[in-house]
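Structure first, commentary second.
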Amino acid sequence: MLFSRTPAVRSTADIAVMRRAGRVVAEMHTEIRAAIAPGVSTGQLDRIGREVLARRGATSNFLGYGYPPFPAVICASANDMVVHGVPSDDVVLVDGDIISIDCGAIIDGWHGDAAFTAAVGDVPDEVRRLIAVTEASLDAGIAAMVEGNRIGDIGSAVEQVALAAGLGVVEGYTGHAIGQAMHEDPNIPNQGTPGTGAKLRVGNVLAIEPMLVLGTTETVVLDDEWSVVTADGGWAAHAEHTIAITADGPEVLTLP
Ligand code: MF3
Ligand code: CO
């Protein structure tokens, strides 16, 4: 089989290990968020991520990923950069920026993956709202993760929140099932038609990751072959969690 349409069903024991990986990701988020300030470089934020991974005995699913091999344990994407920004000591945050941090962790072979966007100092109301609506669209996608719903219900829920707020949903990038690899089939689009796609079941574990924009939904990849920026320079925000479907509904694994 080339790909599977239906997400794998995990045992409660396997989800318990993914919960541990998710907690490490949440700890990376907490410490990186606390360090975000004008004058701090994204290279420094990457080193904080490395410290948390080492302290928790976890490894990175980002470091060495893909081609060219991703060189860091976090993606740090500022302003008009949507995702996959490469951290650097030469990228220094300034007041008025926004910064999206995406990172993951592996514990005993099981993966967690999550992202957030933060304002650096003071940003205009429109940009603050971009971040808030991106988080709300993720929450709507999570709420749609119940047994019997379908993949299209998740994308529709995300998209409706964005469109109702007058924001765009980035094209060409999606969430994904996650387990013993970071990216498992199927993709979880941030757009969709209710009642379409694979049925969701208890034991599915998905990473939902809306990327919302103020302007065009088209993107360009920079010469580093990683950094994804909007085609028009409009600013973008990203939010992501790893979530399991339990008998009691969705459980976010990447929370502290
Ligand atoms: N974690 C990203 C995602 O949400 C992918 C990161 S690619 C990497 O799917 F190379 F940076 F690891
Ligand atoms: Co992801």
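The values are calculated or read from the model by the stated rules, or taken from the named source; none is laboratory data. Predicted model, so just to flag it, every value in this text is computed and none were measured. When we count neighbours, we look across all protein chains shown, and the Cβ atoms used for this are built from the backbone with ideal geometry, even at glycine. The area values use the complete protein model at the heavy-atom level, side chains included, leaving out ligands, DNA and RNA. Shrake-Rupley method; radii C 1.70, N 1.55, O 1.52, S 1.80 Å.
General observations
- Among residues of segment 109-128 being part of a strand (DSSP E or B) and more than 16 Å from ligand 1 (Cβ to nearest atom), the one that is least open to solvent (accessible area, probe 1.4 Å) is A118.
- Residues of segment 182-196 satisfying the condition of being touching a strand residue (DSSP E or B) at 6+ places or on another chain (Cβ under 7 Å), part of a loop (DSSP other than H, G, I, E, B), within 16 Å of ligand 1 (Cβ to nearest atom) and open to solvent by 40 Å² or more (accessible area, probe 1.4 Å): H183
- Residue in segment 197-211 that is assigned to a loop (DSSP other than H, G, I, E, B) and within 15 Å of the chain's Cα centre (by Cα) present: yes
- Selected residue (criterion: nearest to R129 (Cα to Cα)) from residues of segment 222-238 that are in contact with a strand residue (DSSP E or B) (Cβ under 7 Å, 6 or more places away or on another chain) and without any contact (Cβ under 8 Å) to a residue 40 or more places away in the chain: A231
- Looking across segment 209-235 at every residue that is among the polar types (S, T, N, Q) and within 16 Å of ligand 1 (Cβ to nearest atom), the one that is surrounded by the most Cβ atoms within 10 Å (Cβ to Cβ) is identified as T219.
- Only strands (runs of 3 or more DSSP E) whose full extent lies in segment 4-108 are considered here, and the ones with at least 3 residues that are within 26 Å of E184 (Cα to Cα) and either out of contact with any Pro (no Cβ under 7 Å at 6 or more places or on another chain) or among the hydroxyl-bearing types (S, T, Y) (or both) are 81-83, 98-107.
- Output for segment 18-60, where each listed residue is among the small types (G, A, S) and surrounded by 19 or more Cβ atoms within 10 Å (Cβ to Cβ): A21, G22, A26, G49, A58, S60
- Hey, R150 free of Cβ contacts under 8 Å to residues at least 60 places away in the same chain and closer than 28 Å to A35 by Cβ or not: no
- If you go through segment 158-173 and keep only what is open to solvent by less than 50 Å² (accessible area, probe 1.4 Å) and within 16 Å of ligand 1 (Cβ to nearest atom), you end up with V158, V169, V170.
- Residue check for V83: away from ligand 2 (no atom under 16 Å from the Cβ) and modelled with pLDDT of 95 or more: no
- Members of segment 92-131 found to be in contact with a strand residue (DSSP E or B) (Cβ under 9 Å, 6 or more places away or on another chain), among the acidic types (D, E) and away from ligand 2 (no atom under 16 Å from the Cβ), listed by number: D97
- Selection over segment 151-181 of residues that are part of a helix (DSSP H, G or I) and farther than 22 Å from V25 by Cβ gives a count of 12.
- Residues satisfying the stated conditions in segment 61-71, i.e. open to solvent by 80 Å² or more (accessible area, probe 1.4 Å) and more than 12 Å from P87 (Cα to Cα): Y65, Y67
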